[in-house]
Structure formats: structure tokens, C-alpha cells
Amino acid sequence: MVTVAVTGLNAVQHIVVLMLENRSFDHMLGYLYADSANVSPVGDPFEGLTGTESCPGSDGSPVEVYQLTPSTPDVYFMPGADPGEGYQATNEQLYGSAGSPKAGTVPSMTGFVTNYAGAIKDNLAKGWHVVPGTTEHMIMGCFTPQTLPVLSAMAKGFAVCDAWFASVPTMTMPNRAFACAGTSQGNLDDKAKRFTVPSIFGHLGNHGIPWKIYGETKQPLTKLDFDDTRHAPASNIGLFTDFQADAAAGKLPAYAFLEPSWSSTGNSEHPNYNVALGEEFLLDVYRAVRDGPAWDSTLLIITYDEHGGCYDHVAPPWGATPPDDAPGEFGFDFTRFGLRVPTVLISPLIPAGTVFRAPGSAPLDHTSILATIEHRWNLPALTRRDAAAPDVGGALSLTIPRTDDPLAGVQAPTPPPAARALAEQPSHLEQLRDELLAQT
């Protein structure tokens, strides 16, 4: 009898997603292949930085991108303040105006510095911590691979997606809703609210497919967002220590969704929190999966919910499929994607040095997570958006799992201590979680 190799998504038994906070692609990975003229070792072209990109400053003079190296002062707290977020701030960064652009208008991507100048003033007016010496040009700082050894080793050792976009050009909660349910029901803000549509978690449960949401050290925020997660059995909710135990025991569910710590001194990587703590968390997640017995059949996806006001040079495309008929805030019709966010695909079935993009006209976005799950387990789509989204199965091109470990010997940077003012600053998402908890 001839044995036919199980390949692509069919070889995957476990999908693990970790979604971090508010960083753009250029800001985290733009210099990934700068030393090789933005071409990966296997010859894949990479849409990274050349070092000549710039935005006009408040005085009109150009402010060029620059490298955030291990010797940059306060490097793991860059860009120093919390940049502008939300639909209007994003429009200012892309188009230079808070108003909605005319359909199809290609953004100039030149408003990041001037918008950040206003964000610094807003941070100070609210009493938020700002790294001493922060200036508007710091929004153009982008990390080198040496500064982010863990994320960069993942991106080089497996697959990096250089055309993965946030689902909507706005802040955290709407993009997380798209990642979990394929719609934000018209919402574009981060106010405490519950989404009344089915999520991918309830969708899986209805089809008898195991799932679990893991908070870092506290009950996950995602549990509180949807009716079908809020009322889910306790066995579907855990902490990161439970994830580590499940991975070590070979008991990961078909779909595992991980959250970071939302504290201002936590590992979410929200600006201007400590990115080195995020590097430690990334390595812990990888080691849990890589060292577990189900490694050969696991796909780990690392992504970020939105760009958080950080610089990126690639104009996000139009042509997004509206998920439903829900009217959007600000008159937004959900036909425009958000900015590029760092996304890495990790599996022993992915060749090292892969730069993965969607093969068709629709780009990868957060609903590609849903499409990947739905295509793997033959589930119907939740909305029109995930029905149109491409999956990431094409990245899994090997028929025999690799046995090497691209992160062997890689160490996370030592986290510097946080300023007392930052440690005392309440986190917006912690406050939002508390508000939702109070409503239960």
C-alpha cells in the first residue's frame, strides 16, 4: 500500500494564535533583511525599509526612518509615548486629515510625525508617562533584528508575512473582533462593549471542535467580548501556565488563542510599554509549542492587532469586503484595510527564509486566521469578510517536518526596569476588562 503524505493545512492538528499590541510592520520588522537588499536567503523579495523613507516634521522638513539598536537610549520603551490611535488619528497618519478619504484614494503615508507631535502633547496633558527627551522624530524609529532577537529569529527561521494588514484602520478592540468574529458590528472605538455575533470559538464548539482561550496571568479579556465565550464552560478558559502544561502534555485544543498581560508593566508591547518583556513572552510561547509532542502538527501564528500609530511605509489597500450590513462609525463602510502589522507563521512544515503573501488579489488580514481555521476544519464562514479572506495554507509547503530549531540558543533581551510613572499608569485594556467584568 502506498502511503500518501498529508500536506498543507491537512497536516495541522493545532492552530495557536498569539496577538500582541499596537506595532506596525516597519517598526518591528522593516529592517529584517536590510543587510541582504531586502531579499530573503531563499530568494523571496521582502517589502522592507531601505533607510531613505521619510515623513515631514512639524516644520515641514523631512524626518527619515532610523534604526533602533541595542545602544539606543530607552530602546525597549520606544517610541517614548503612546502614539495616536483610532480611525481619525489613522486617517491623519495616512492622509494628513482626520476626515474620511474619498473612496480609492491612495494614502501618502506622510502624516506620522505631525500626528505623533500632537500625541506627545496629549500624553502629557493626560498625565501619562512619556520617556524624557521624547520628540516627534522618534515615531520614525524602527527596530533592528539585533534589538528584537526573538521575533526576528522567528521571522527568518520560518515565514514572515510582509503584506498582512489589520482588518480595519482603527484601534484595538475592533481589530480583535475581526480576528475573532469577522466583524466589529460597525464599531471603530475601544469603549467597553460586548459583541452579539457568533465568534470563531462558539462556531468551533458548535461543530464539536475543541478550543481554548488563555489569559496571561488573569482571566482573558476575549472571554468577556462575546456571548458564546462569556457563557462557555470553564474548561475553555485558562492562563498561560495552563497553556504550557497543555502543550507539554500534548493536550492543546484544535484552536488556542493567547493573550498577553494587559498591565502597563506587562508584555503586550503596547507603546510605550517594555518590548523586551514581549520578547521574553514570545520565546516562552515558542518553547512551549516547539518542545511539546504535538510540534510536528502545530501552526503557531504571531501577530499584532493594529499598528498603534507606529510608522509604516506601505499604503494599506482598498477593496476589503464589508463583513455585513452594520453601519460603521464615522460613515466608514469597511472597504479599506488597516496598516501592515508584524505577522510570523511558525511550523516545521514551513521552509526557513519564507516571505509569504496571499496568492490572489485579496491580501492577508486578521480574518485570514478565521479562514485558515474554517478551511482546515471545513466550517462555513462567519461573515462575508472571512469568506473572502485567503488562508495561510500555502506557507506549509514541506511534506516532511523539519527537525532543526531556528531559535536554539536565542535569548530574549534583558528587560530594563520601567519608570515608576509608567508602573503607576493604569492600562486602558485592564480598565476595559474590569468594566466588562462589572457588567457580568
According to the Kirkwood expression over distinct Cα-Cα pairs, how big is the hydrodynamic radius of segment 261-400, in Å?
17.2
Quick check: residue separation of Ala352 and Ala315 times 0.36 nm, minus the Cα distance between them. What number comes out in nm?
10.6 nm
Give me the lysines in straight-line cross-link reach of Lys191: C-alpha distance below 30 Å, same-chain residues under 8 apart excluded.
Lys102, Lys121, Lys126, Lys212, Lys218, Lys223
Just need the Rg to Rh number for segment 63-126, please, alpha carbons only, Kirkwood Rh.
1.05
Could you rank the peptides 88-96, 342-350, 32-40 by their average count of other C-beta atoms within 10 Å per residue, with the highest value first?
342-350, 88-96, 32-40
Among beta bridges that DSSP assigns inside the chain, antiparallel share in %, nearest 5:
30
Could the peptides 325-332, 11-18 be put in order, highest first, of the mean number of other beta-carbon atoms found within 10 Å of their residues?
11-18, 325-332
Please check which bits of segment 153-182 a label hung off Ser36 would reach, taking the label as a point 7 Å along Cα-to-C-beta and the cut-off as backbone N under 20 Å.
153-164
As a test of the formula, what do you get for the chain when each DSSP H run with n ≥ 4 contributes -39,500 (n - 2.57) and the sum is divided by the residue count, at 222 nm and rounded to the nearest 500 deg cm²/dmol?
-7500 deg cm²/dmol
The simple spin-label model distance between Thr217 and Ser97, using points 7 Å out along Cα→Cβ, in nm, is 4.7
Enter the mean projected area of the convex hull around the alpha-carbon atoms of segment 353-407, in nm², rounded to one decimal.
5.0
With label points set 7 Å from each Cα along the Cα-to-Cβ direction at Asp324 and Gln146, the distance between them in nm comes to 5.0
Let me make sure I get this right: for segment 41-191, a, b and c are the square roots of the gyration tensor eigenvalues over alpha carbons, sorted descending. Under 1.5 in a/c it's rounded, otherwise prolate if a/b > b/c, else oblate. Which is it?
rounded
Select from Pro327, Ala395, Val355 the residue farthest towards the positive end of the dipole of the chain; place +1 on Cβ of Lys and Arg, -1 on Cβ of Asp and Glu, and compute about the Cα centre.
Ala395
Semi-axes (Å, rounded, descending) of the ellipsoid equivalent to the chain per its C-alpha gyration tensor are 31, 25, 23
Please report, largest first and rounded to whole Å, the three semi-axes of the ellipsoid equivalent to segment 315-365, where each semi-axis is the square root of five times an eigenvalue of the C-alpha gyration tensor.
30, 11, 11
Roughly how far apart, in whole Å, are the Cα centres of segment 72-104 and segment 354-407?
28
In debye to the nearest 20, how big a dipole does segment 213-316 give about its Cα centre with +1 on each Lys and Arg Cβ and -1 on each Asp and Glu Cβ?
260
Positive-end residue of Ala192, Thr69, Leu277, charge dipole of the chain with Cβ unit charges:
Ala192
Just to be sure I understand the model, the point goes 7 Å from the Cα along the line to the Cβ. What's the resulting Asp404 to Ser58 distance in nm?
4.9
Tell me whether segment 331-430 comes out rounded, prolate or oblate; compute the Cα gyration tensor, take square roots of the eigenvalues as a ≥ b ≥ c, and use a/c under 1.5 as the rounded threshold.
oblate
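Taken together, the values in this text are just the output of simple stated rules run on the coordinates, not laboratory data. Quick caveat, the model's predicted, so the values are computed rather than measured. Ideal geometry is used to build each Cβ from the backbone, glycine not excepted, and the neighbour counts take in all protein chains shown.
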